[in-house]
Amino acid sequence: MADTIRFRIRRQDHPDSGPYWQEFAIPYRREHNVVSALLAIRENPVTIDGERVAPPVWDSNCMEEVCGSCSLRVNGRARQACSALVDTLEQPIVLEPMLTFPVVRDLLVDRSAMFDNLRRVKAWIDIDGSWDIHTGAPRISPQEWDLNYALSRCMTCGCCMDACPHFGLDRDFIGPAPLAQVLLMNSHPTGKYSRADRLHAIMSDGGLTDCSSAQNCVRVCPKHVPLTAAIGKLGRQTTAQLLRDIFGG
Amino acid sequence: MQNPHFLLRRVHSLVGLVPVGAFLLFHLWENSKSRFGQEHYNTYVVEKIQNLNYVWFLEVFLIALPILFHGVYGMVVFWRGKQNVTHYGYFRNWMWLAQRISGVGVLLFLLMHVIGTRILAIWNEAVRQDMFSHMKNVLSEPYFLVPYLIGLVLTTFHFCNGLWSASIVWGLATTPRAQKIIQVASGVAFVVITAVGIHGMLGFFLAS
């Protein structure tokens, strides 16, 4: 068996049609990753039963784990297909789309919920003027910068959302990644001014309180974004905001 | 104006700590006095509490209603989650599932426990006068002893694991290190509180 690489892939032809499974085997080559193996399958899309089929559809781009587009479930776990090295995986390698998002076709999902939810939490910074405001660049302490940089590594791949027991098609939860961006935007010197707006956005339906700390998000994040630390800090910020809302200040 | 969705969940968390969690500690501590024997227990534990000023008010507003709210809203939270431990078998994910299962278990246990003690005592004079003997009889029956033991462990687990998640919810523990420390502390608390509870159950048999 060592001279082939076997795959079991969940297929779905249409967003509304049912799934089915197909198995493929490609000749063994050292240092294949899941994307390069999918490319090899596409060259010769014949199942192990000898049937010639339409090649599986997937999404990918950068091939260096920075764009976040090739997220899929490899052996049940959401991760980046490009950095999933075949030599480290148990075979047959089971590929599924991230089913907490709507499936477009085969392994390709519609991750627009990620961007919609970033909008929901106002994860942007209002510009402080299109003219020269005659002030220097804002100063940020190295400690704060350290955390901000870790948060800014998020590439909206959606792995954390797939692993979260509270995120899903039929549920309202914003999800871990957009929550972490609230903390990043709140700590920006200009972004600070919209802090209360963002906190109120996550103190509403589907907001921070829908998290119950299963903490899968931080375990699957390919960029090691400190998601659970962010959720804890947002817990503190929302507690303080709640007190400000009730008692003023 | 606060969003009710946010407030309900935070009140759910707060109520689990105080008064429900605080009452659990008080309850197990008081019951550990069973080791002093029938007379002491009936006089200085049961009667003393029954003679508290406005005890019915405390029972309804500090115990019954908070537990009812925590339980009912807990079921809402329960249905909002979808377990995935088969895909993600991490420790904290298992604890997430255990928190939900124990919550349902505690509700079933409380139904049995409250009917069999407090509610039974309303019309049963003998039970009201001698709760010690009643509990001793109940716990002598394996059909009750086993559910009581399981119910106790589920309750203390649910409380201690809830302490951990509440520390994140309210923003006390923010760093992974702080969350780890609270995880260890709540584990120790689980062992100690469960021991106090079992000690209280044993007291009915070992009392002189």
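Name the residue farthest towards the positive end of the dipole of chain A from the options A:Phe173, A:Ile133, A:Cys159, assuming +1 on Cβ of Lys and Arg, -1 on Cβ of Asp and Glu, about the Cα centre.
Toward the positive end, the furthest listed residue is A:Ile133.
Please report the accessible area of B:Ile63 (heavy atoms, 1.4 Å probe, ligands and nucleic acids excluded) in Å², nearest 10.
So the heavy atoms of B:Ile63 present about 40 Å² to solvent.
Under the definition of partner shielding as Cβ atoms of other protein chains within 10 Å of a residue Cβ, what is the mean value for peptide B:7-15? It would help to have the intermediate numbers written out before the result.
Numbers: counts 3, 1, 7, 7, 0, 1, 2, 0, 0.
So the per-residue partner count for this stretch is 2.
Hey, for a label at A:Val57 modelled as a point 7 Å past Cα toward Cβ, could you say which residues of the range A:141-170 have their backbone N under 18 Å away?
none
Using a 4.7 Å Cβ cut-off, which Cys residues in chain A lack a partner cysteine?
Lone cysteines by the Cβ rule: A:Cys70, A:Cys82, A:Cys154, A:Cys157, A:Cys159, A:Cys164, A:Cys211, A:Cys221.
Using alpha-carbon positions, what is the distance between the centroids of the range B:138-208 and the range A:142-176, in Å?
One Cα centre to the other: 32 Å.
Where a ≥ b ≥ c are the square roots of the eigenvalues of the C-alpha gyration tensor, would you call chain B rounded, which needs a/c under 1.5, or, failing that, prolate if a/b is larger than b/c, or oblate? Could you put the intermediate results ahead of the total?
Numbers: a/c = 1.98, a/b = 1.65, b/c = 1.21.
The shape class here is prolate.
Have a look at the range A:58-80 and report residues whose accessible surface goes down by 30 Å² or more when the remaining protein chains are included, against the chain on its own, probe 1.4 Å, ligands and DNA/RNA excluded.
Buried-area filter returns A:Gly76, A:Arg77.
How much accessible area does B:Phe78 have with a 1.4 Å probe, in Å² rounded to the nearest 10?
It works out to around 60 Å².
Considering only protein heavy atoms, what per residue accessible area in square angstrom results for the range A:112-247 with a 1.4 angstrom probe? Let's see the in-between values first.
Numbers: 6200 Å² over 136 residues.
Value returned for the range A:112-247: 46 Å² of accessible area per residue.
For a test of the definition: using alpha carbon positions, the gyration tensor, and the 1.5 limit on a/c, classify the range B:29-81 as rounded, prolate or oblate.
Working: a/c = 6.26, a/b = 2.08, b/c = 3.01.
Since a/c reaches 1.5 but b/c is at least a/b, the shape of the range B:29-81 is classed as oblate.
Provide a list, ordered by number, of residues in the range B:155-170 showing at least 10 Å² less accessible area with every protein chain present than when their chain is taken on its own, using a 1.4 Å probe.
B:Trp164, B:Ser165, B:Ile168, B:Val169, B:Trp170
Average the reciprocal distances over every distinct pair of alpha-carbons in chain A, invert the result, and give the Kirkwood radius in Å. Don't skip to the answer; put the middle values down first.
Values: mean 1/r = 0.0501 Å⁻¹.
Over chain A, the inverse of the mean reciprocal pair distance is 19.9 Å.
Please report the accessible area of A:Lys122 (heavy atoms, 1.4 Å probe, ligands and nucleic acids excluded) in Å², nearest 10.
In the full protein context, A:Lys122 sits at about 80 Å².
Please find, in a Gaussian network model of chain A (springs between Cα atoms separated by less than 10 Å), the residue of A:Ala54, A:Ala229, A:Ala37 whose mean-square fluctuation is greatest.
In the Gaussian network model the winner is A:Ala54.
Let me know the shape class of the protein assembly as shown, please: from the alpha-carbon gyration tensor, a ≥ b ≥ c as square roots of the eigenvalues, rounded when a/c is under 1.5, otherwise prolate if a/b is greater than b/c, or oblate. Display every interim value, and only then the final one.
On the way: a/c = 2.82, a/b = 1.63, b/c = 1.73.
Judged from the Cα gyration tensor, the protein assembly as shown comes out oblate (a/c at least 1.5, b/c at or above a/b).
Arrange the residues B:Phe159, A:Phe101, B:Phe69 by how much accessible surface each exposes, largest first, with a 1.4 angstrom probe. Spell out each step's value before the answer.
On the way: B:Phe159 30, A:Phe101 0, B:Phe69 65 Å².
Listed by decreasing accessible area, they come as B:Phe69, B:Phe159, A:Phe101.
Quick one: accessible area per residue over the range B:88-197, 1.4 Å probe, rounded to a whole number of Å²?
Numbers: 5530 Å² over 110 residues.
I get 50 Å² per residue for this part.
Just add up the charged neighbours of B:Leu202: K/R +1, D/E -1, any other residue whose Cβ is under 13 Å from the Cβ of B:Leu202.
Numbers: positive: B:Lys33, B:Arg35, B:Lys136; negative: none.
Residues close to B:Leu202 contribute a combined charge of +3.
Over the range B:4-206, what percent of the accessible surface lies on carbon and sulfur atoms, probe 1.4 Å? Walk me through the intermediate numbers first.
Working: 8320 of 11070 Å².
That fraction is 75 percent.
Determine the total buried accessible area between chain A and chain B, counting protein heavy atoms only with a 1.4 Å probe; round to the nearest 100 Å². Intermediate values should be presented prior to the final figure.
Working: alone 13230 and 13000 Å², together 23310 Å².
Protein heavy atoms only, the A-B interface buries about 2900 Å².
Using every alpha carbon pair in the range A:4-109, what percent of pairs falls into each 5 Å bin from 0 up to the bin containing the largest distance?
3, 13, 26, 26, 21, 9, 2, 0
For the range A:91-229, build the convex hull from the C-alpha positions and give me its volume per residue in Å³.
Values: hull volume 18.5 nm³, N = 139.
Each residue corresponds to 133 Å³ of Cα convex hull volume.
With a 1.4 Å probe and all protein chains kept in place, how do B:His12, A:His224, B:His87 rank by accessible area, largest first?
Details: B:His12 20, A:His224 135, B:His87 75 Å².
Solvent-accessible surface, decreasing: A:His224, B:His87, B:His12.
Let me spell out the model: positive unit charges on the Cβ of Lys and Arg, negative unit charges on the Cβ of Asp and Glu, origin at the Cα centre of the protein assembly as shown. What dipole size does that give, in debye rounded to 20?
On the way: 41 positive and 36 negative charges, 143 e Å.
Magnitude of the dipole: close to 680 debye.
Within the range A:10-70, report the GluC sites (Glu not before Pro) that DSSP leaves as loop and that have at most 15 other Cβ atoms within 10 Å.
Values: sites: A:Glu23, A:Glu31, A:Glu43, A:Glu51, A:Glu64, A:Glu65; in loops: A:Glu31, A:Glu51, A:Glu64, A:Glu65.
Within the range A:10-70, the qualifying GluC sites (Glu not before Pro) (loop, at most 15 other Cβ atoms within 10 Å) are A:Glu31, A:Glu51, A:Glu64.
Using a 1.4 angstrom probe on heavy atoms only, work out the carbon and sulfur share of the accessible area of the range A:112-247 in %. Could the numbers behind the result be given before it?
Numbers: 3460 of 6200 Å².
Answer for the range A:112-247 is 56 percent, counting heavy atoms of protein chains only.
In square angstrom, what is the accessible area per residue of the range A:4-109 with a 1.4 angstrom probe? Walk me through the numbers before you get to the answer.
Values: 5000 Å² over 106 residues.
I get 47 Å² per residue for this part.
Which angle from 0 to 90°, rounded to the nearest 10, does the C-alpha axis of helix B:142-169 make with the longest principal axis of chain B?
Once rounded, one gets 40 degrees.
The values are calculated or read from the model by the stated rules, or taken from the named source; none is laboratory data. These numbers come from a predicted model, not from an experiment. Ideal geometry is used to build each Cβ from the backbone, glycine not excepted, and the neighbour counts take in all protein chains shown. Calculation scope for accessible area: heavy atoms of the full protein, side chains included, ligands and nucleic acids excluded. Shrake-Rupley method; radii C 1.70, N 1.55, O 1.52, S 1.80 Å.
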